[in-house]
Amino acid sequence: MTTQDELKQQAAVAAVERVESGMVVGLGTGSTTQFALERLADLIKIGKLKRIVGIPSSLRTEKTARELGIPLTDFGAHPVIDLTIDGADEVDPDLNLIKGGGGALLREKVLAQASRCNIIIVDESKLSPRLGTKWALPVEVVPFARAVEEHFLKSIGAAVTVRAKEGKTAATDQGNILLDARFGPMQDPGRIAERLNARAGIVEHGLFIGLTHDVIVAGKDGIRHLTRSA
Ligand code: 5RP
């Protein structure tokens, strides 16, 4: 029996195959990406990949990358990323995503928008006929606007909970709050994204629409690629 962690690792290893020497690599966040960071570090260590620099999508990933010895850079030096490898919470048939289960959705979306190519790595449990079927949508709000945006999300049909960690309201890397908005299966995720984009108090949300080029799915029957042309 293949465990979920083994599937995550298989997807991660397949994604790192796509990294070439000299690339600027976007480093996602989460348990699946952790396997990609480890693989990338191993290939750098044995000299198979040279002159790699990474841009991390969270303080957590930055710490891990430093511990693993992956050289890091920033957008000041490299405003364009060659290839980003990241995970997702839910993937629909159009390769749209819900992300942000790990709370890093804002920096992850900055990386995705700065990348020539975005590869998403998942085990098959993340595939979904419609976004929102399995997962609440994480919405990052400035603390000042918390009640206003919570009211707004409820008014458009979501059940809302405030993300907590160890009994306290969780803070993002930017010091903001996360509202987990459960919409149920979304008929039109692009329309929901537009409505959220229009709100002043919402800094970002976890709907990644049209940003993904390749989803690497690891399942019990092996690896599959779901692709969209760049
Ligand atoms: C973090 C994310 C993660 O990529 C997503 O939650 C998937 O995580 P995991 O690989 O641990 O299942 O969006 O903000």
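For segment 137-204, the dipole from Cβ point charges (+1 on Lys and Arg, -1 on Asp and Glu) about the Cα centre works out to 180 debye, to the nearest 20. Beta bridges per DSSP, both residues in the chain: antiparallel share near 55 percent.
Based on Cβ point charges of +1 for Lys and Arg and -1 for Asp and Glu, what charge dipole magnitude is obtained for the chain about its Cα centre, in debye rounded to the nearest 20? The partial results should precede the final answer.
Working: 29 positive and 29 negative charges, 42 e Å.
The dipole magnitude comes to about 200 debye.
Over 20 Å between C-alpha atoms is what I'm after, so list which of LYS134/LYS154; LYS48/LYS220; LYS8/LYS99; LYS8/LYS134; LYS50/LYS99 land there. Can you show the working numbers first?
Working: LYS134/LYS154 18 Å; LYS48/LYS220 29 Å; LYS8/LYS99 16 Å; LYS8/LYS134 18 Å; LYS50/LYS99 30 Å.
Among LYS134/LYS154; LYS48/LYS220; LYS8/LYS99; LYS8/LYS134; LYS50/LYS99, the Cα-Cα distance tops 20 Å for LYS48/LYS220; LYS50/LYS99.
Highest mean packing first, where packing is the average number of other Cβ atoms within 10 Å per residue, the peptides 57-66, 145-154 line up as 57-66, 145-154.
With +1 assigned to the C-beta of every Lys and Arg and -1 to the C-beta of every Asp and Glu, and no other charges, what is the dipole magnitude of segment 56-133 about the Cα centre in debye, to the nearest 20? Write down the numbers at each step before the final one.
Details: 9 positive and 12 negative charges, 48 e Å.
My answer is approximately 240 debye.
Each part reduced to its alpha carbon centroid, segment 81-128 and segment 140-209 end up 18 Å apart. Projecting the Cα positions of THR169, THR84, LEU179 onto the charge dipole of the chain (unit charges on Cβ atoms of Lys, Arg, Asp and Glu, taken about the Cα centre) puts THR169 furthest along the positive direction.
If you run the Gaussian network model on the chain, springs between alpha carbon atoms under 10 Å, then out of LYS126, LYS165, LYS48 the most flexible one is LYS165. Peptides 107-117, 71-81, 30-40 ranked from most to least packed, by the mean per-residue count of other Cβ atoms within 10 Å: 30-40, 107-117, 71-81.
Look at the dipole of the chain built from charges on Cβ: of THR29, VAL217, HIS151, the Cα furthest out on the positive end belongs to HIS151. Based on the alpha-carbon gyration tensor of segment 1-70 and its eigenvalue square roots a ≥ b ≥ c, which shape applies: rounded if a/c is under 1.5, prolate if not and a/b is larger than b/c, or oblate? Cα axes put segment 1-70 in the oblate bin.
Cα gyration tensor of the chain, axes a ≥ b ≥ c as square roots of the eigenvalues: rounded (a/c below 1.5), prolate (a/b > b/c) or oblate? Judged from the Cα gyration tensor, the chain comes out prolate (a/c at least 1.5, a/b above b/c). When a 1.4 Å probe is rolled over the protein heavy atoms, the share of accessible surface on the chain that falls to carbon and sulfur comes to 51 percent.
The values are calculated or read from the model by the stated rules, or taken from the named source; none is laboratory data. Keep in mind that what you see is a predicted model, and the values were worked out from it rather than measured. So basically every Cβ, Gly included, is an ideal-geometry build from the backbone, and we count neighbours across all protein chains shown. We work out accessible area using only protein heavy atoms, side chains counted, and drop any ligands, DNA or RNA first. Shrake-Rupley method; radii C 1.70, N 1.55, O 1.52, S 1.80 Å.
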